[in-house]
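Input: a single structure, listed below in structure tokens.
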Amino acid sequence: MDRWQTIIEPFRIHAVEPIRLTTEADRERSLEAAGWNLFNLHADDVLIDLLTDSGTGAMSRDQWAAIQHGDESYAGSPSWYVFLEAVQDLFPFRHVIPTHQGRAAERILFSALCGPGSCVPANTHFDTTRANVEYTGAEAVDLVIREGTVPSMIHPFKGNVDVAALEQLLEDRGDAVPLVVVTVTNNSGGGQPVSLANLRDVRRVCDRFAKPLFLDACRFAENAWFIKTREPGQADRPVKEIVREMASLADGMTMSAKKYGLANIGGWLALNDDAIAEQCRSLLILTEGFVTYGGLAGRDLEAIAQGLREVVDDDYLRYRIRSTAYLGEALVAAGIPCVQPFGGHAVYLDARSLLAHIPPLEYPGQSLAVELYRAGGIRGCEIGTVMFGRHPDGSEAPASMDLVRLAIPRRTYTQSHVDYVIEVARDVAARAPSLHGYRIVKEPAALRHFSARFEPVG
Ligand code: F0G
């Protein structure tokens, strides 16, 4: 197997979806109508959609077959038991609460545990996690290691929590902290993994201060693969065993099955504490659904269960991580600054560094994302000052980084699609000095990146 260098997709294509080809002139019209916000585009106007890896993957033959087993009983559906068994096989928490997606699990957990005056530390909160913490009146604090905030700095586990900073926070404000969150992999920090050693250290600190530790586990399988391939002593362990050890270090988890359920929708909250679980189930019934379906159809529960059996496969994970790195390596070879090492689900372009002539408050990430779309129909996602720059008190400040994320939907695009992305990105980078910034002309109070409207500056 090592003799051949070409990475092949470990699957064949079984059903095809057409991509509508567009011209630059078409895309300029689409951009103007969308207020230069790529979230406002009609997806038919996108050639290669790298906006997110969330819910956009291709399901397997066996997942489609599992869907036919979906049982839509309101309570106690057999599909619920199939789902429960698959979740607990990897994450043996006592209580599993199904939700329609990850943020519903977050909302329920944080509503139960947080409120005004409380403070939730994490390596880095993802945008919905932060928004759900802040919505309760609590403060979300990011404590990733310093290497995790410097795009060019190489470190095998850039998602690690700064354990000394966590200890300090708990010493200073321990009474205000209802739980500690670790995001695996650390999406907002570049899809970077967290090591088992770091999770064990965080566990020790949580024990010392008697705080529950929750994983935001969306991309747990990629995190486990990075542990297997980068952490000393882990190479010979099955991925599944590493996942179980990650789970054993936590008191609970929130999960988006749109990532590593390999499904198009779904999520769950899992935890060991009986009293908190009861409180969460009451909130679940209020807005999501009964405790054995939580806003999902029985067929979704089946698709997730089958997906969970597929994600811990070495051949899949090797291809996944290798093919993401293939894109990253080509961009770096073309002189485009990227977060390194490459994350599992995406390559993050360092727009602040590529477009150093655009000040952060004129959104270099937005500028780069718009130009990749205008030139080649590629839709990426700004992860920077547009996403994180507006604070609850109304002030605006540059985010710690201005990145453009090219997220790779799972099992969806082929190497020639990726080669096209590389060609377009090279062309855009060569014209970087001619790109201009943007100003926001309309924005909502929270999560502005989803619906803000922009205007070119100059
Ligand atoms: N946590 C992390 C780390 C995430 O990346 C996401 C979603 C969520 C929680 C929320 O899950 O979408 O099912 O409600 N991330 C997607 C993304 C949207 O594009 O990275 P959800």
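For the reader, a short list of remarks on this structure follows.
- Computed over all pairs of different Cα atoms, the Kirkwood value for the hydrodynamic radius of the chain is 22.4 Å.
- Among the trypsin sites (Lys or Arg not before Pro) in segment 358-458, those located in a DSSP loop and surrounded by at most 16 other Cβ atoms within 10 Å of their own Cβ are ARG431.
- At a probe radius of 1.4 angstrom, the accessible area of the chain per residue rounds to 41 square angstrom.
- Heavy-atom accessible area with a 1.4 Å probe sorts LEU361, LEU354, largest first, into LEU361, LEU354.
- Of LYS228/LYS258; LYS258/LYS442; LYS211/LYS258; LYS259/LYS442, those spanning more than 26 Å from alpha-carbon to alpha-carbon: LYS258/LYS442; LYS211/LYS258; LYS259/LYS442
- Distances between placed amide hydrogens fall under 5 Å for CYS338 paired with ASP350, all partners being 5 or more residues away or on another chain.
- Charge tally in the Cβ shell below 12 Å around VAL141, where Lys, Arg are +1 and Asp, Glu are -1, VAL141 excluded: -3
- Karplus-derived HN-Hα couplings along segment 198-211 (A = 6.51, B = -1.76, C = 1.60, θ = phi - 60°), whole Hz, x at Gly and Pro: 5, 4, 5, 5, 4, 4, 4, 5, 4, 5, 4, 9, 6, 10
- Database remark: amide H of VAL120 closer than 5 angstrom to the amide H of GLU139, ALA140, VAL141 (H placed geometrically; neighbours at sequence offset of 5 or more, or on other chains; Pro and chain starts carry no H).
- Student exercise, segment 61-103 dipole from Lys, Arg, Asp, Glu Cβ charges, in Debye to nearest 20: 200
- Under a 5 Å amide H cut-off, with hydrogens placed 1.01 Å from N, SER195 pairs with ASN160 among residues at least 5 apart or on other chains.
- The chain, dipole about Cα centre (Lys/Arg Cβ +1, Asp/Glu Cβ -1), debye to the nearest 20: 400
- Table column - 3J(HN,Hα) (Hz), segment 258-265, Karplus curve with 6.51, -1.76, 1.60, x for Gly and Pro: 5, 9, 9, x, 6, 10, 8, 7
- The ellipsoid equivalent to the alpha-carbon distribution of segment 317-373 has semi-axes of 24, 11, 9 angstrom, derived from the gyration tensor eigenvalues as √(5λ) and listed largest first.
- Counting Lys and Arg as +1 and Asp and Glu as -1 over every other residue whose Cβ lies under 9 Å from the Cβ of GLN68, the net charge comes to 0.
- In Hz, Karplus ³J(HN,Hα) per residue of segment 286-297 (6.51, -1.76, 1.60; θ = phi - 60°; x = Gly, Pro): 4, 10, 9, x, 5, 5, 9, 9, x, x, 10, 6
- Range in the chain, longest, excluding exposed chymotrypsin sites (Phe, Trp or Tyr not before Pro) [loop by DSSP; at most 13 other beta-carbon atoms within 10 Å]: 75-458
- Between the C-alpha center of segment 55-81 and that of segment 204-270 there is a gap of 23 Å.
- Descending semi-axes in Å of segment 336-458, equivalent ellipsoid built from Cα gyration tensor: 24, 16, 13
- Solvent-accessible area assigned to carbon and sulfur over the chain amounts to 52 percent, based on a 1.4 Å probe.
- Cα-based radius of gyration for segment 250-314, normalised by 2.2 N^0.38 Å, reads 1.18.
- Rounded to the nearest 500, the helix-only mean residue ellipticity at 222 nm of the chain stands at -12000 deg cm²/dmol, with each DSSP H run of n ≥ 4 adding -39,500 (n - 2.57).
The values are calculated or read from the model by the stated rules, or taken from the named source; none is laboratory data. None of these values were measured; they are calculated from a predicted model. Neighbour counts run over all protein chains shown; Cβ positions are idealised from the backbone, glycine included. For the accessible areas, the whole protein counts, side chains as well, though only heavy atoms, and no ligand, DNA or RNA atoms are used. Shrake-Rupley method; radii C 1.70, N 1.55, O 1.52, S 1.80 Å.
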